[in-house]
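Chemist: Have a look at the structure that comes next, please.
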Amino acid sequence: MARGSHDVLIVGGGGAGLRAAIAVLEAEPRLDVAIVSKVYPMRSHTVSAEGGAAAVIASGDSLEEHAHDTIAGGDWLCDQDAVEAFVKEAPEELLRLEHWGCPWSREPDGHVAVRPFGGMKQMRTWYAADKTGFHLLHTLFQTSLKYDRITRYDEWFVTKLLVDDGRTVGVVALELASGRIEAITAKAVILATGGCGRVFPFTTNANIKTGDGMALAYRAGAPLKDMEFVQYHPTGLPFTGILITEAARAEGGWLVNKDGYRYLQDYDLGKPEPTPVLKSMELGPRDRLSQAFVKEAEKGRTIDSPYGQVVYLDLRHLGEAVIAAKLPMVRELCLDYENLDPVKELIPVRPVVHYMMGGVHTDIDGTTPLAGLYAAGEVACVSINGANRLGSNSLPECLVFGARAGRAAAAFAAGAAGPASAEHAQERDERRGLERLRRRDGGQEPISAIREEMQETMEDGAGIYRSADSMTKAADKLRELQERFRSARVSDHSRTFNTELIAALELSCMLDVAEAIVFSASRREESRGAHQRTDFPARDDDHYLAHSLVHRDAAASPTVEYSPVTITRWPPAERVYGR
Amino acid sequence: MADRITLQVTRYLPEDSARPTSRDYEIPLRKDWSILDGLNHIKDHVDGTLSYRWSCRMGICGSCGMTVNGEPKLACATFLADYAPGPVRVEPLNNFPVIRDLVVEIGDFLEKLSAVKPWIIREDEEPVDGEYLQTPAELAEYKQFSMCINCMLCYSACPVYGLEPGFIGPAAIALAQRYNLDSRDQGSHERLDVLSTDEGVWDCTFVGECTRACPKHVDPAGAIQRYKPTAVTETLKAFLLPRGKR
């Protein structure tokens, strides 16, 4: 099939993108699909997911309980129709991965094994030791290789969505190896680029998580939803931000302060028991655990480290056999990056930016308000995650909504005419802009300086706790950084694998996404889930049981509006953990 | 421990020069810095034109393979302090065409990976309900070979691949075995054509460098050795038996 024009074009080759690509061909085998990714698909950040993937399979579990845990975990900001579809389809999707060869950990009788996870009332998290995302990604990637109607554009960076008369008709992309810039047209485009953790200084996210897809959609006029909800995972390794999976606590790990005290008992999360209790203490939700850390630090009960305050994750009582069988990667990471052995030593950890609940506004089929544009996975906000995602819901989300977006895009593409040629002017403009940036002479400061300042600004202004004051300062600083970015220095003028040019384009995406986060957060005058305002400490269902939708108008300044949350069977209630 | 260390980094930009050169960068020597942290320091604070791949910085995405003091390594899982007082040579992986600086072209591997059909092949339909049962022992049969992160260190280490670029190579063979040994798979005869040729397992001279280079403790050399008798038996069966009975 001809390169340059496709039926469905997918931006991103991680869990959601690969699942979408296969779903398109399952639905419409005659279509042709392109996957355009700035990295080889098996490098995608899905690879780093560790602990597992939630889906109801065990006897005694029920779809209702998975739905309720998800909705309560999301502080009632989840759309309940979407959650119901999600929990119903999650087992089908994980079984499909099983049929495709995913090496799920097993029970002695050969059935898939499940483990506990934070905020989940039943054991329902499927796992492949603690490299679940790695195995899931490689299974999907290797399975995708059997489809000869998938064309891959590996290491192509998408710089712009082509929009013609209100319809998405393709992308402009830059091939890293050669530097050439091309329009790739398509009848439908699916964004599956993942999150934007690199907007913050301390994150579990890989270097590639720069919010590209969010920025592409936002610039094309599609709204971003619930961007104020940024998840801090409670257990990141200091300095690197590398994630220590929640599975470490699910297998029985304890969080202790400088006195060896399991401090979570002081934060309405239950009583300490020697073995893990579901939805209690260390198995509470991530937002509450990260907030407890901040309070504990304020009391002076955390530990000083060269990289800020930390607490300890204690796995020693689990013993070497359990750690080797269930948490081999945790041990590997601790040995490599902290030079310590969790079998014998305490692991220093602190909260770390991990996941964006918000993203490109979609409906339950991944459809965005922009015709021909779809989104799935972390880049999207359906929303099943509400104000706080539960651990092990994101991998099945990639699969369920990747497949849904794939099917919806396939149906659209099968019935749509090919794009007209009006996009050529946009392509020319984009090419000219990119060439100008590459050849830019002089310039004030390096890309990295602006990036670092943006990251510090976000941590200070829109971290675990925010206020009107902190966010006003952050918004002002971000405006200044946008201005300074326009004259930033690009010292690499070459075409061949110009990673400085890519870093500049990524920074530009991150600045737009950062502004959307701060803007949405400053408008939500309540505390809910991961969005905690010191000046508005209570949840306010009367005014804010609603999704925020941030748009960028023609003058490039954002505006926000609200849309109602879909409530089906679970009216808003108190979130209860450990009691 | 001295507080500075020198990285001697290979620079190559085909637009500018026909040959690679080496450039010295003196950087801070911090005890928790990986080679990758050192390169990032150069990129962000010294020379923005240096190009290399990296992403997860936790040894799982496989992007940052390079040659460190002559050995193939993941830059993110190799630490400066282990090379003190230096200098440390940082070069692109061996046996691959270099695109620029430390970035190599790995398209050849992607083609070879596809050629070994790294997916579950079934003669029957998928079960309508539930999972294929697989005991922990059956999982253990292939699990090790499923740990490959495609980082290319084994191809860089492999003397055969260096001499005969047609050789399918350690990772692709290990991944073929990952499926051949999976109790859910019935496709080993379909992989035979690729694996049992001269450019398949028979090219391997069992030097074992691949297994030593692997950062994830996969044993590609073991996979290859283990496949050789299978290849003989399967080839004989293919020769002697009608297709249905294989």
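Per-residue answers, yes or no, for (1) touching a helix residue (DSSP H, G or I) at 6+ places or on another chain (Cβ under 7 Å); (2) within 25 Å of residue A:325 (Cα to Cα):
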residue: A:52; (1), (2): yes, yes
residue: A:57; (1), (2): yes, yes
residue: A:60; (1), (2): no, no
residue: A:67; (1), (2): yes, no
residue: A:78; (1), (2): yes, no
residue: A:82; (1), (2): no, no
residue: A:86; (1), (2): yes, no
residue: A:90; (1), (2): yes, no
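Chemist: Within the stretch A:197-246, take every residue that is more than 11 Å from the chain's Cα centre (by Cα) and polar (S, T, N, Q) and give me the one that is farthest from residue A:172 (Cα to Cα).
Modeler: Here the residue is A:235.
Chemist: May I pose another question? Quick check: anything in the stretch B:12-33 touching a helix residue (DSSP H, G or I) at 6+ places or on another chain (Cβ under 6 Å) and either under 21 Å from residue A:178 (Cβ atoms) or surrounded by 23 or more Cβ atoms within 10 Å (Cβ to Cβ) (or both)? Talk me through it step by step, then tell me what you get.
Modeler: Quick first cut of the stretch B:12-33, residues touching a helix residue (DSSP H, G or I) at 6+ places or on another chain (Cβ under 6 Å) only: B:25, B:27, B:29, B:31, B:33.
After this cut, where a residue has to be either under 21 Å from residue A:178 (Cβ atoms) or surrounded by 23 or more Cβ atoms within 10 Å (Cβ to Cβ) (or both) as well, the list is none.
The answer is no, given that none of the residues of the stretch B:12-33 is touching a helix residue (DSSP H, G or I) at 6+ places or on another chain (Cβ under 6 Å) and either under 21 Å from residue A:178 (Cβ atoms) or surrounded by 23 or more Cβ atoms within 10 Å (Cβ to Cβ) (or both).
Chemist: Specify which of the listed residues (B:142, B:132) is within 8 Å of chain A (Cβ to nearest Cβ), of a type in the set (Ser, Thr, Tyr) and part of a loop (DSSP other than H, G, I, E, B).
Modeler: Selected residue: B:132, the only one of B:142, B:132 that is within 8 Å of chain A (Cβ to nearest Cβ), of a type in the set (Ser, Thr, Tyr) and part of a loop (DSSP other than H, G, I, E, B).
Chemist: Taking residue A:112, is it more than 30 Å from residue A:505 (Cα to Cα) and within 14 Å of chain B (Cβ to nearest Cβ)?
Modeler: Taking the combined requirement at face value, the residue satisfies it.
Chemist: Given the options A:489, A:539, name the one that is surrounded by 15 or more Cβ atoms within 10 Å (Cβ to Cβ) and within 14 Å of chain B (Cβ to nearest Cβ).
Modeler: Matching residue, one of A:489, A:539: A:489.
Chemist: Restricted to the stretch B:40-73, and to residues that are of a type in the set (D, E, K, R) and farther than 28 Å from residue B:209 by Cβ, which residue is nearest to the other protein chains (Cβ to nearest Cβ)?
Modeler: Of all residues in the stretch B:40-73, those of a type in the set (D, E, K, R) come to B:43-44, B:47, B:53, B:57, B:71, B:73.
So of that shortlist, the ones also farther than 28 Å from residue B:209 by Cβ come out as B:43-44, B:47.
Numbers: B:43: 7, B:44: 4, B:47: 8 Å.
My answer is B:44.
Chemist: Same structure again: Could you run through the stretch A:175-192 and say how many residues are among the hydrophobic types (A, V, I, L, M, F, W, C) and not in a strand (DSSP E or B)?
Modeler: Residues meeting the conditions: 3.
Chemist: Okay, next question. If the requirement is being assigned to a helix (DSSP H, G or I) and away from every other protein chain (no Cβ under 13 Å), which of these qualifies: A:65, A:92, A:98?
Modeler: Testing whether each residue is assigned to a helix (DSSP H, G or I) and away from every other protein chain (no Cβ under 13 Å) leaves just A:65.
Chemist: Moving on to the next point. Considering A:453, A:480, which residue is closer than 21 Å to residue A:356 by Cα, among the acidic types (Asp, Glu) and either in contact (Cβ under 8 Å) with a residue 24 or more places away in the chain or part of a helix (DSSP H, G or I) (or both)?
Modeler: Result of the check over A:453, A:480: A:453.
Chemist: So, in the stretch A:5-34, of the ones that are at pLDDT 95 or above and assigned to a strand (DSSP E or B), which residue ends up surrounded by the most Cβ atoms within 10 Å (Cβ to Cβ)?
Modeler: Looking at the filtered set, the residue picked out is A:10.
Chemist: Under 6 Å between Cβ atoms, at least 6 apart or on separate chains: pull out the pairs that start in the stretch B:99-110 with a residue that is facing chain A (nearest Cβ under 8 Å) and end on any residue that is small (Gly, Ala, Ser).
Modeler: Matching pairs, first to second residue: B:99/A:177; B:100/B:51; B:101/B:51; B:103/B:51.
Chemist: Can you find a residue in the stretch B:147-154 that is more than 9 Å from chain A (Cβ to nearest Cβ), outside any helix (DSSP H, G or I) and buried (at least 19 other Cβ atoms within 10 Å of the Cβ)?
Modeler: Scanning the stretch B:147-154 turns up at least one residue that is more than 9 Å from chain A (Cβ to nearest Cβ), outside any helix (DSSP H, G or I) and buried (at least 19 other Cβ atoms within 10 Å of the Cβ).
Chemist: Please state which one of A:249, A:219 is modelled with pLDDT of 95 or more and crowded, with 24+ Cβ neighbours inside 10 Å.
Modeler: Details: A:219 fails: crowded, with 24+ Cβ neighbours inside 10 Å.
So the residue among A:249, A:219 that is modelled with pLDDT of 95 or more and crowded, with 24+ Cβ neighbours inside 10 Å is A:249.
Chemist: Show the residue pairs that are 6+ apart or on different chains and have beta-carbon atoms under 7 Å apart, the first residue being within the stretch B:20-32 and farther than 15 Å from residue B:88 by Cβ, the second being of a type in the set (Ser, Thr, Tyr).
Modeler: Hits for this filter: B:20/B:10; B:20/B:12.
Chemist: Being within 27 Å of residue A:244 (Cα to Cα), touching a strand residue (DSSP E or B) at 6+ places or on another chain (Cβ under 9 Å) and outside the structural domain of residue B:179 (by TED's automatic domain parsing) narrows it down to one residue among B:56, B:76; which is it?
Modeler: B:76
Chemist: Next up: Quick one: how many residues across the stretch A:193-222 are more than 14 Å from chain B (Cβ to nearest Cβ) and not in a helix (DSSP H, G or I)?
Modeler: Adding up the residues that qualify gives 6.
Chemist: With the requirement that a residue be within 14 Å of chain A (Cβ to nearest Cβ), under 19 Å from the mean Cα position of the chain (by Cα) and not in a helix (DSSP H, G or I), what does the stretch B:179-200 give you?
Modeler: None - no residue of the stretch B:179-200 is within 14 Å of chain A (Cβ to nearest Cβ), under 19 Å from the mean Cα position of the chain (by Cα) and not in a helix (DSSP H, G or I), so the list stays empty.
Chemist: Would you check which residues across the stretch B:16-42 are closer than 24 Å to residue A:338 by Cα and either outside any helix (DSSP H, G or I) or not hydrophobic (A, V, I, L, M, F, W, C) (or both) and list them?
Modeler: B:27, B:28, B:29, B:30, B:31, B:32, B:33, B:34, B:37, B:38, B:40, B:41
Chemist: Please work out which one of (1) surrounded by fewer than 23 Cβ atoms within 10 Å (Cβ to Cβ); (2) touching a Ser or Thr at 6+ places or on another chain (Cβ under 6 Å); (3) under 23 Å from residue A:500 (Cβ atoms) is the condition residue B:51 fails and give its number.
Modeler: (1)
Chemist: Residue under question is residue B:123, and the condition is that it be of a type in the set (Asp, Glu), touching a Phe, Trp or Tyr at 6+ places or on another chain (Cβ under 9 Å) and either over 26 Å from residue B:155 (Cβ atoms) or part of a strand (DSSP E or B) (or both); does it hold?
Modeler: no
Chemist: When residues of the stretch A:363-399 are filtered for being surrounded by fewer than 24 Cβ atoms within 10 Å (Cβ to Cβ) and not in a loop (DSSP other than H, G, I, E, B), how many remain?
Modeler: 2
Chemist: Provide a single number: the residues in the stretch A:322-345 that are surrounded by fewer than 17 Cβ atoms within 10 Å (Cβ to Cβ), within 12 Å of chain B (Cβ to nearest Cβ) and over 20 Å from residue B:75 (Cβ atoms).
Modeler: 3
Chemist: Mind checking whether some residue in the stretch A:313-330 is assigned to a strand (DSSP E or B), in contact (Cβ under 8 Å) with a residue 40 or more places away in the chain and either under 28 Å from the mean Cα position of the chain (by Cα) or closer than 18 Å to residue A:286 by Cβ (or both)?
Modeler: Checked the stretch A:313-330: at least one residue is assigned to a strand (DSSP E or B), in contact (Cβ under 8 Å) with a residue 40 or more places away in the chain and either under 28 Å from the mean Cα position of the chain (by Cα) or closer than 18 Å to residue A:286 by Cβ (or both).
Chemist: Let me ask something else. Which of the residues spanning the stretch A:430-440 are out of contact with any strand residue (DSSP E or B) (no Cβ under 9 Å at 6 or more places or on another chain) and either of a type in the set (Lys, Arg) or away from chain B (no Cβ under 14 Å) (or both)?
Modeler: Listed by number, the residues that qualify are A:432, A:436, A:438, A:439.
The values are calculated or read from the model by the stated rules, or taken from the named source; none is laboratory data. In this text, all values refer to a predicted model and were calculated from it rather than measured experimentally. No Cβ is skipped: glycine too gets one built from the backbone with ideal geometry, and neighbour counts run over all protein chains shown.
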